[in-house]
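Let me begin by presenting the structure, written as structure tokens, before commenting on it.
Please treat every number below as a calculation from the coordinates, not as lab data. Keep in mind it's a predicted model, so treat the numbers as computed, not measured. As a convention, Cβ positions derive from the backbone with ideal geometry for all residues, glycine included, and neighbour counts pool all protein chains shown.
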Amino acid sequence: MRLRKGFTLIEIMVVVAILGILLGMAVFTGNKARLRAKISKTEAAIAALETAISMYEVDMGSYPASGNQNLVNALTVSQGDDWHGPYIEFDEEDISSGKFQDPWNNDYVYTKGPTGTHNPSYDIYSKGPDGAGDGTEADDINNW
């Protein structure tokens with residue numbers, strides 16, 4: 001009887017196929033985990049903005065004017081004697097051209113109410129992973 005040294009081509013192919021399947025599962029799971037992390041970060045950012053806007057409203061007597069850049073300025077730059085901010089500190093990586101951006105590098109949308117809004121005072125939303133929508137699509141993340 002002959003002694004076998006090494007692996008046959010079939011055995012190597014089976015091992016490579018198994019490794020490929022395992023790698024594919026790991027990549028898929030990793031992508032889903034990254035997506036969930038971005039969604040959680042966006043939800044936390046919207047909650048932090050709501051708190052900062054509430055503090056601003058208590059001091060100033062009204063909500064900031066509509067628009068992302070107006071919101072960022074109102075919460076971080078002195079608005080007069082009643083202003084006791086900054087009400088929030090933004091990470092430099094989340095600001096682009098003076099606008100606060102979500103993890104997908106899209107600007108958050110901020111509109112002051114009450115006309116045509118979902119929330120009586122103001123709406124804040126991210127257009128989500130696809131970067132499109134009006135805050136009501138399935139992948140959009142909002143404060144209502």
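Key figures for this structure:
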{"item": "Extension gain from E89 to T29, taking 0.36 nm per residue of separation minus the Cα-Cα distance", "result": "18.3 nm"}
{"item": "Positive-end extreme of charge dipole, the chain - chosen from N73, I39, T111 (charges on Cβ)", "result": "I39"}
{"item": "Helical contribution to [θ] at 222 nm, DSSP H n ≥ 4, -39,500 (n - 2.57), averaged over the chain, rounded to 500", "result": "-15500 deg cm²/dmol"}
{"item": "The range 1-109: trypsin sites (Lys or Arg not before Pro) falling in loop per DSSP and having at most 12 other Cβ within 10 Å", "result": "R2, R4, K5"}
{"item": "Where the Cα pairs of the chain fall when distances are cut into 5 Å bins, in %", "result": "2, 9, 15, 17, 14, 9, 6, 4, 4, 4, 4, 3, 3, 2, 2, 1, 1, 0, 0, 0"}
{"item": "Close Lys-Lys pairs in the chain, where close means Cα under 19 Å and separation is 8 or more or interchain", "result": "9"}
{"item": "Signed unit charges on C-beta, dipole axis of the chain, positive-most listed residue W83, V27, S126", "result": "V27"}
{"item": "Extension gain (nm, one decimal) between A132 and F7, 0.36 nm per residue minus Cα-Cα", "result": "39.7 nm"}
